[in-house]
Amino acid sequence: MCFLAVVFAASPAVAQHRTDVMVGVYEYSVVHFYLHGKEVGFAHDLVKRLNDIQGEYHFITVETSSRRRYKDIASGKVDMILLQNPYWHWGGRNVDFSTPIVWEHDILVARRDHVPGPAYFSKVLERSIAGVLGFHYKFVDFRDDPKQLTRLLDISLLYNEPEVLEAVIRGDAEIGVLSAGFMSRKFRHVADLADRIAMGPRADNSYQLASVISRNAPITVERYNSYLNDLRAENAIAPVWSRWHRGVLP
């Protein structure tokens with residue numbers, strides 16, 4: 001009787017042992033941001049679902065930055081990063097990409113009182129621009145080097161998307177480049193924003209986002225993809241993204 005009690009008491013501890021997987025996140029779109037001082041966003045919801053669906057790994061979010069992410073994944077500080085695109089200078093690094101998870105879009109915004117019509121957005125390279133330091137934009141062939149960008153363009157590279165929007169509102173930049181996800185939550189939370197900000201007639205760029213995983217990570221991309229497939233089978237990804245990312249495409 002005592003022996004059986006010891007065996008049954010020990011079993012849950014064994015079952016609960018998981019291998020930690022450090023998941024890098026940084027402020028972007030509705031993927032990861034701060035609300036009332038708390039870290040929230042789609043990345044945190046996805047990590048929770050990944051932890052709930054299996055018992056082998058414990059996914060833990062770790063904050064990095066758009067500029068520091070490459071160094072952090074190379075050094076092993078993080079094992080993977082949510083959410084990324086292969087065009088964002090991941091070529092030649094010791095990483096693999098998961099299957100695509102969601103779609104995101106870059107949109108151009110300007111002060112409404114500065115926009116006579118949709119043609120205002122057609123010559124973006126001739127205007128003063130605000131963007132996020134470390135982000136990659138299609139209209140500059142996804143370059144992210146600040147020195148190169150400032151030599152080519154009249155561009156201000158700011159810390160995050162809220163700063164870009166504020167620069168446009170103040171008139172410090174004629175055009176801002178922002179994610180559709182970021183604008184979707186700003187339109188929901190700032191009642192008069194639609195009266196102050198105009199968007200370009202179409203997305204400047206549309207792209208799929210996936211997870212980038214170090215080849216030295218404790219989890220393989222194949223295993224991670226299997227968890228994503230399980231979540232898709234339960235319809236546990238698309239509705240979550242839609243809840244955060246209500247369409248604002250022009």
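So which residues in segment 103-148 are of a type in the set (A, V, I, L, M, F, W, C) and over 21 Å from residue 65 (Cβ atoms), if there are any at all?
103, 107, 108, 109, 110, 115, 119, 121, 124, 125, 139, listed by residue number.
If you go through segment 34-57 one residue at a time, do you hit one that is assigned to a strand (DSSP E or B), at pLDDT 95 or above and in contact with a Leu (Cβ under 6 Å, 6 or more places away or on another chain)?
no
Pick from 242, 206: which is over 30 Å from residue 52 (Cα atoms) and polar (S, T, N, Q)?
206
If I go through segment 197-215 residue by residue, how many of them are open to solvent by 20 Å² or more (accessible area, probe 1.4 Å) and at pLDDT 95 or above?
Total satisfying the criteria: 2.
Please specify each residue of segment 34-84 satisfying the condition of being more than 21 Å from residue 133 (Cα to Cα) and of a type in the set (S, T, N, Q).
51, 54, 61, 75
Can you name the residue in segment 186-196 that is part of a helix (DSSP H, G or I) and under 17 Å from residue 168 (Cα atoms) and is also most open to solvent (accessible area, probe 1.4 Å) among such residues?
Taking the candidates together, the pick is 195.
Only residues that are at pLDDT below 95 and more than 18 Å from residue 28 (Cα to Cα): list them for segment 128-153, please.
Answer for segment 128-153, where residues must be at pLDDT below 95 and more than 18 Å from residue 28 (Cα to Cα): 139, 140, 141, 145, 146, 147, 148, 149, 150, 151, 152, 153.
Is it fair to say residue 20 is open to solvent by 70 Å² or more (accessible area, probe 1.4 Å), over 26 Å from residue 165 (Cβ atoms) and in contact (Cβ under 8 Å) with a residue 60 or more places away in the chain?
It is true that residue 20 is open to solvent by 70 Å² or more (accessible area, probe 1.4 Å), over 26 Å from residue 165 (Cβ atoms) and in contact (Cβ under 8 Å) with a residue 60 or more places away in the chain.
Taking the condition closer than 21 Å to residue 208 by Cα and of a type in the set (Gly, Ala, Ser), does residue 65 pass?
So residue 65 passes the test.
Provide a single number: the residues in segment 127-159 that are of a type in the set (S, T, N, Q) and in contact with a strand residue (DSSP E or B) (Cβ under 6 Å, 6 or more places away or on another chain).
So the answer is 1.
Might you let me know whether segment 115-133 holds any residue that is over 18 Å from the mean Cα position of the chain (by Cα) and farther than 21 Å from residue 205 by Cβ?
Among the residues of segment 115-133, at least one is over 18 Å from the mean Cα position of the chain (by Cα) and farther than 21 Å from residue 205 by Cβ, which makes the answer yes.
Quick check: anything in segment 214-228 on the phi > 0 side of the Ramachandran plot and part of a loop (DSSP other than H, G, I, E, B)?
no
Taking residue 44 as meeting all but one of (1) within 16 Å of the chain's Cα centre (by Cα); (2) within 24 Å of residue 145 (Cβ to Cβ); (3) free of Cβ contacts under 8 Å to residues at least 60 places away in the same chain, write down the number of the exception.
Among (1) within 16 Å of the chain's Cα centre (by Cα); (2) within 24 Å of residue 145 (Cβ to Cβ); (3) free of Cβ contacts under 8 Å to residues at least 60 places away in the same chain, the lone unmet condition for residue 44 is (2).
The values are calculated or read from the model by the stated rules, or taken from the named source; none is laboratory data. The model shown is predicted, which means the values in this text are computed figures rather than measured ones. Glycine also receives a Cβ, built like all others from the backbone with ideal geometry; neighbour counts cover every protein chain displayed. Side chains included, ligands, DNA and RNA excluded: accessible areas come from the protein's heavy atoms. Shrake-Rupley method; radii C 1.70, N 1.55, O 1.52, S 1.80 Å.
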